[in-house]
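Engineer: Below are the structure tokens for one structure; questions will follow.
The values are calculated or read from the model by the stated rules, or taken from the named source; none is laboratory data. As the structure is a computational prediction, the values presented were derived from the model and not from experiment. Cβ placement follows ideal geometry from the backbone for every residue including glycine, while neighbour counts extend to all protein chains displayed. Side chains included, ligands, DNA and RNA excluded: accessible areas come from the protein's heavy atoms. Shrake-Rupley method; radii C 1.70, N 1.55, O 1.52, S 1.80 Å.
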Amino acid sequence: MKKALYLIIHLAVASLAGVAAAATVELMPDIGAMTGQGYNSAGRLAGDGITGDDVKNWLGSRADGWYTTTGNGDMRWGSATSNTEDQTINLPSMHGTAGVCFGLKMTIENIQDYSGLSFSMNLTPSGTTGTYTYSVWYETTDGEMVELCKGTRNNDGSPWNVHYDLTEDQLRAMKENGNGKAYAVVGSSGGRGGDNATVEDLSLEGTLAVPEPAAASLSLLGLAAMMLRRRRVRA
């Protein structure tokens, strides 16, 4: 509610000032409970060798939501856990396993309205062993997985801050060929047991281009004022 209210006020004021507004909108859903979903991937799912087929076979037929490997198959053991209060994810290192990972499957509504998309996350390890990998994908209307970005880092004990802006070509292809489904997977492999990482500030943001008609501006401002009055009454 607060995010929607702020967006309405921001757009209305910007339009009244005669300036074309561009709003940044958070598209990624809140971090909820992790659903266990095993997958035998020869370790690729949690590492740099992850493929589009791995992502599709792991989450392609699942409902939108947050998932973690369960230790099934060659992953053997280990699960990520979420803290819904502070919106963080605990990604463990499991010695002697092929790795542990978590993933998100989500739907981007009205992607045609966005002029830009960006992915970001902050990962803070508790030790200095293992390797971390992230990747982001979208699904085409033909059911194929297309990689948008991927990165791998050997753990040196320092935080890993990731930010990636989709290129114009990538966004154009998503609009032309995508079915609206997007996936993000983060994994840990080769670490020492107990060297858990905390992942926070996970984000997929869209830049929403908004025209500047005066009538629409006044309507937005009126709606914002009405919402403010309703909030005061409820308070």
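Engineer: Restricted to segment 41-62, and to residues that are polar (S, T, N, Q) and surrounded by 14 or more Cβ atoms within 10 Å (Cβ to Cβ), which residue is modelled with the lowest pLDDT?
Structural biologist: So the residue we want is S41.
Engineer: Another one. Looking at M94 and the list (1) within 25 Å of T207 (Cβ to Cβ); (2) modelled with pLDDT under 95; (3) crowded, with 16+ Cβ neighbours inside 10 Å; (4) in contact with a Gly (Cβ under 9 Å, 6 or more places away or on another chain), which single condition is not satisfied?
Structural biologist: (1)
Engineer: Could you grab the pairs with beta carbons closer than 8 Å, sequence gap of 6+ or different chains, first residue in segment 107-119 and within 15 Å of C149 (Cβ to Cβ) and of a type outside the set (D, E, K, R), second one at pLDDT 95 or above and open to solvent by 80 Å² or more (accessible area, probe 1.4 Å)?
Structural biologist: G116/D165; L117/D165; S118/H163; S118/D165; F119/H163
Engineer: While we're looking at this one, here's another question. Being of a type in the set (K, R), at pLDDT 95 or above and within 23 Å of W66 (Cβ to Cβ) is true for just one of K175, K150. Which residue is that?
Structural biologist: K150
Engineer: So which pairs qualify, if the first residue must be in segment 147-168 and in contact (Cβ under 8 Å) with a residue 60 or more places away in the chain, the second must be acidic (D, E) and not in a strand (DSSP E or B), the Cβ gap must be under 9 Å, and the two must be at least 6 apart or on different chains?
Structural biologist: K150/D48; T152/D48
Engineer: Check off (1) at pLDDT below 90; (2) under 23 Å from L45 (Cβ atoms) for G143 and give me the number that stays unchecked.
Structural biologist: Of (1) at pLDDT below 90; (2) under 23 Å from L45 (Cβ atoms), only one is false for G143: (1).
Engineer: Just for segment 102-125: of the residues that are open to solvent by 30 Å² or more (accessible area, probe 1.4 Å), over 16 Å from the mean Cα position of the chain (by Cα) and not β-branched (V, I, T), which one is nearest to G206 (Cα to Cα)?
Structural biologist: In this case the residue turns out to be S115.
Engineer: If you don't mind, another one. Taking W77 and the conditions (1) out of contact with any Asp or Glu (no Cβ under 6 Å at 6 or more places or on another chain); (2) at pLDDT 95 or above, which numbered condition does it fall short on, given that it satisfies the others?
Structural biologist: Evaluating W77 over (1) out of contact with any Asp or Glu (no Cβ under 6 Å at 6 or more places or on another chain); (2) at pLDDT 95 or above leaves (2) as the failure.
Engineer: Answer yes or no as to whether D113 is of a type in the set (D, E) and farther than 20 Å from T167 by Cβ.
Structural biologist: No: the conditions fail for D113.
Engineer: Same structure, new question: Look through T84, T128 and report the one residue that is over 16 Å from V162 (Cβ atoms), surrounded by fewer than 22 Cβ atoms within 10 Å (Cβ to Cβ), among the hydroxyl-bearing types (S, T, Y) and modelled with pLDDT under 90.
Structural biologist: Answer to the check: T128.
Engineer: Can you tell me which residue is surrounded by the fewest Cβ atoms within 10 Å (Cβ to Cβ) among those in segment 145-166 that are within 13 Å of Y134 (Cα to Cα) and hydroxyl-bearing (S, T, Y)?
Structural biologist: T152
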